[in-house]
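**Q** Once you've had a glance at the structure underneath, I'll fire off some questions.
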Amino acid sequence: EFYLAQTNKYEHLNALLHTFPEEALQRATELDEQRAAGKTAGKLHGVVITVKDVIAWQQHPLSASSNILKNFHSIYNSTAVQKLLAEDAIIIGINNCDEFAMGSSNENSAFGPVKNMLDETRVPGGSSGGSAVAVQANLCMVSLGSDTGGSVRQPADFCGIVGVKPTYGRVSRHGLIAYGSSFDQIGVLSHTVEDASLVLSVIAGADDFDATVSTLPVPDYTSAIAEKRSTKPVLGYFKQTLQHAGLDEEIRTTHTNFINQLKADGYEVKELDFDLIDYIVPTYYVLTTAEASSNLSRFDGVRYGYQATPVKEELTEFYSANRSEGFGKEVQRRIMLGTFVLSAGYYDAYYTKAQQVRRKLYEQTKLVFSDIDVLLMPVSPSTAFKIGEKSSNPIEMYLADIYTVFANLVGIPGVSIPLFQHSNGLPFGLQLMTKHFDEVSLLGLADALL
Ligand code: GLN
């Protein structure tokens, strides 16, 4: 009841596209009754959760915040949702997001932007902006987002909360609407590292419905991180990330001072050379738009969603009308970019080249983690910016993803933790990354530092 009241109180932030008050209360009552009748409580008994509008929940709306899927209802549960429900969670609503998870500000939703609770003239970050604000404004205890290039970590950073992107393949993507399939991963937004760890323990693990998900056993992250608290992992940072010209001066100094503080606290911190930094964003946008152009070809108005009226007789015109009216501007831009880099004559120059860079990044990353345990980085070059400030300049918006897309390019896990406050009054955080499937070290250090 508390959380449902909060959703009413903060409705104007536009963090939730749908809430299900009666269903939620009924489920809460049922869970209480089951418990009273002697049934063991699940790990998330009574935990109030919201999920991003790209994660399928049976018989509930699923639109990717796009007009092309407006009024579409999922006929099945994503594996992540299935697992939450099996552990007695109560899902109360669906989070607004950037259309098809494309964006860094949540301004690309067909259903209006989400507002940052700390300053309603500012963006909450994206694309999981609704999931971040839902936690920030206490509309739920934790939320699920998806992270293809930072969409969990960056909105967490802008909203002053915790955001965890697991290793690629840690959480099943079954029932997650695909953006860039080789990058996408479901993540958790929460107030504490412990909360995120508990939810991750529930949603992670093998799944017959996703061939890319790992069969590695899932640790009990909550108890594993508690054990980690006494150890001091070897830390490192890339010299080039803090030297980057686009980085806000105050964020730069804060990070530099924090690194010095860590050293003073007895951590070993290594400065590393990483000369591929300028290739990260271009590589990410070539590869993800390529994958998106292919993934989104299924939305043609025949199998799913929006059909333009009057219905066009000629097939190409039919597709074109449905897709031109159904998809928003940013999604169309990316479909065109992706189609371009995959087209005959340009494929080798862009797509193949970007794949080669991705492989190089992967190999360098392996070397990095033979030297250190945890990599430190800013999350975003700035704090939350004004609504409308960057929306007319997509390149500028893309470049701001510089610190987050790296983890997705190489598949490693990352977390952002809200450690700092800017003199402009807004929060910003520290990003930690580890080698693949080392979430225990990642969350352990995050918990120790927060
Ligand atoms: N901002 C990045 C993009 O627009 C990341 C999005 C995401 O992680 N879903 O692609």
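The values are calculated or read from the model by the stated rules, or taken from the named source; none is laboratory data. The model shown is predicted, which means the values in this text are computed figures rather than measured ones. Every residue, glycine as well, gets a Cβ built from its backbone with ideal geometry; the counts of neighbours run over all protein chains shown.
Per-residue answers, yes or no, for (1) modelled with pLDDT of 95 or more; (2) over 20 Å from residue 139 (Cα atoms); (3) over 15 Å from the mean Cα position of the chain (by Cα):
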residue	(1), (2), (3)
178	yes, yes, no
182	yes, yes, no
187	yes, no, no
191	yes, no, yes
195	yes, no, yes
205	yes, yes, yes
213	yes, yes, yes
220	yes, yes, yes
227	no, yes, yes
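**Q** Condition test on residue 446, is it under 30 Å from residue 234 (Cβ atoms), out of contact with any Leu (no Cβ under 7 Å at 6 or more places or on another chain) and in contact (Cβ under 8 Å) with a residue 12 or more places away in the chain?
**A** For residue 446, the condition - under 30 Å from residue 234 (Cβ atoms), out of contact with any Leu (no Cβ under 7 Å at 6 or more places or on another chain) and in contact (Cβ under 8 Å) with a residue 12 or more places away in the chain - is not met.
**Q** If you don't mind, another one. I'm trying to understand the selection: among the residues of region 154-166, which are more than 15 Å from the ligand (Cβ to nearest atom) and in a loop (DSSP other than H, G, I, E, B)?
**A** Selection gives 160, 161.
**Q** Let me ask something additional. Looking at 241, 222, 256, can you tell me which residue is closer than 27 Å to residue 367 by Cα, away from the ligand (no atom under 14 Å from the Cβ) and without any contact (Cβ under 8 Å) to a residue 60 or more places away in the chain?
**A** 256
**Q** Within the set of pairs 6+ apart or on separate chains, which have a first residue in region 332-343 that is over 14 Å from residue 180 (Cα atoms), a second that is within 15 Å of the ligand (Cβ to nearest atom) and at pLDDT below 95, and C-beta atoms under 7 Å apart?
**A** Short answer, once both residue conditions are applied: 333/394.
**Q** Give me the pairs: first residue in region 391-414 and on the phi > 0 side of the Ramachandran plot, second residue away from the ligand (no atom under 11 Å from the Cβ) and of a type in the set (Asp, Glu), beta-carbon distance under 6 Å, and six or more apart or on different chains, which are they?
**A** Partner pairs satisfying both residue conditions: none exist.
**Q** Still on this structure, I have one more. Kindly indicate which of 406, 428 is farther than 21 Å from residue 198 by Cα, more than 16 Å from the ligand (Cβ to nearest atom), of a type in the set (Phe, Trp, Tyr) and crowded, with 24+ Cβ neighbours inside 10 Å.
**A** Matching residue, one of 406, 428: 428.
**Q** Okay, next question. Helices (runs of 4 or more DSSP H) wholly in region 244-336 with at least 1 residues that are more than 30 Å from residue 62 (Cβ to Cβ) - which ones?
**A** 249-264, 277-295
**Q** Can you spot a residue in region 232-239 that is of a type outside the set (Val, Ile, Thr) and surrounded by fewer than 17 Cβ atoms within 10 Å (Cβ to Cβ)?
**A** Checking region 232-239: at least one residue is of a type outside the set (Val, Ile, Thr) and surrounded by fewer than 17 Cβ atoms within 10 Å (Cβ to Cβ).
**Q** Quick one: count up the residues across region 173-190 that are in a loop (DSSP other than H, G, I, E, B), more than 12 Å from the ligand (Cβ to nearest atom), among the small types (Gly, Ala, Ser) and closer than 19 Å to residue 94 by Cα.
**A** 1
**Q** Then there is this: Those residues that are in a loop (DSSP other than H, G, I, E, B) and more than 16 Å from residue 378 (Cβ to Cβ), I need them from region 140-151; list them, please.
**A** 140, 141, 147, 148, 151
**Q** Looking at 194, 271 in this structure, which one is charged (D, E, K, R), touching a helix residue (DSSP H, G or I) at 6+ places or on another chain (Cβ under 7 Å) and crowded, with 16+ Cβ neighbours inside 10 Å?
**A** After ruling out the rest, the residue left standing is 194.
**Q** Collect the residues in region 125-143 that are crowded, with 24+ Cβ neighbours inside 10 Å and either away from the ligand (no atom under 13 Å from the Cβ) or modelled with pLDDT under 95 (or both), keeping them in residue-number order.
**A** Passing the criteria: 133, 134, 135, 136, 139, 140, 142, 143.
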